[in-house]
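Read through the structure below, which is laid out as structure tokens, and then see the notes.
Every number in this text was worked out from the coordinates using simple rules, so none of it is lab data. Keep in mind that this is a model prediction, so the values were computed, not measured.
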Amino acid sequence: MEYAEWLENVKKAHLELKTPLTTDVDPVKLIFMDTELLLKEFQLHVDLVKHYLDLVIKFNVFYYAVTGALLSYYFTNFKTETLVRWSLMLPIFMSVLFGGLFLGASRALPRVDAELGHISRLLNFVKPEVSILRYALVASGILFLGVGAVLFGAFVIRT
């Protein structure tokens, strides 16, 4: 079975189960539901959210380390060298790239949140909170773009 076919089967199984599971409903009497498959899918989504949050933190650390090092070089040498302003191009490029990437990625999270909510209802679990990842992505994206704008201003003013 290919991944696309498996994914379609899972989506179809989710849609066919119209009654949310509660403690008084026996899922065997309603429709066959592969709880093991749903549990694996739930674990996959939760692990991906944790991994993505970890990546957001690592991207921030990398970005600010590189930007801080290059700004230190810039402010140390900007009075003596005229070409030092070009050292701001890498942080400006990274700002635009990471800011766009993070803001774009934050738009995909409502679908993941809805899917986790649906699986949680089917398995009678408490839905995990995914909004912290969206807030981290949006805040980081806005900060990246803001820092990039300030750096671009410093690049233009230096000319």
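Within segment 23-145, how many lysine pairs that are 8 or more places apart, or on different chains, have C-alpha atoms less than 28 Å apart? Mind dumping the intermediate values first?
Values: 29/40; 29/127; 40/50; 40/58; 40/127; 50/58; 50/127; 58/127.
Value for segment 23-145: 8.
Can you compute 3J(HN,Hα) from phi for each residue in segment 50-58, using the Karplus curve 6.51 cos²θ - 1.76 cosθ + 1.60 with θ = phi - 60°, rounded to whole Hz and x for Gly and Pro?
Residue by residue, segment 50-58 yields 5, 5, 5, 5, 5, 5, 4, 5, 5 Hz.
I'd like the per residue volume of the convex hull spanned by the Cα atoms of segment 56-122, given in cubic angstrom. It would help to have the intermediate numbers written out before the result.
Details: hull volume 4.4 nm³, N = 67.
It comes to 66 Å³ per residue, whole-number rounded.
What's the Cα-based Rg to Rh of segment 34-157, Rh via Kirkwood? Write out the running numbers ahead of the final one.
Numbers: Rg = 19.8 Å, Rh = 16.6 Å.
Reported Rg/Rh, Kirkwood definition of Rh: 1.19.
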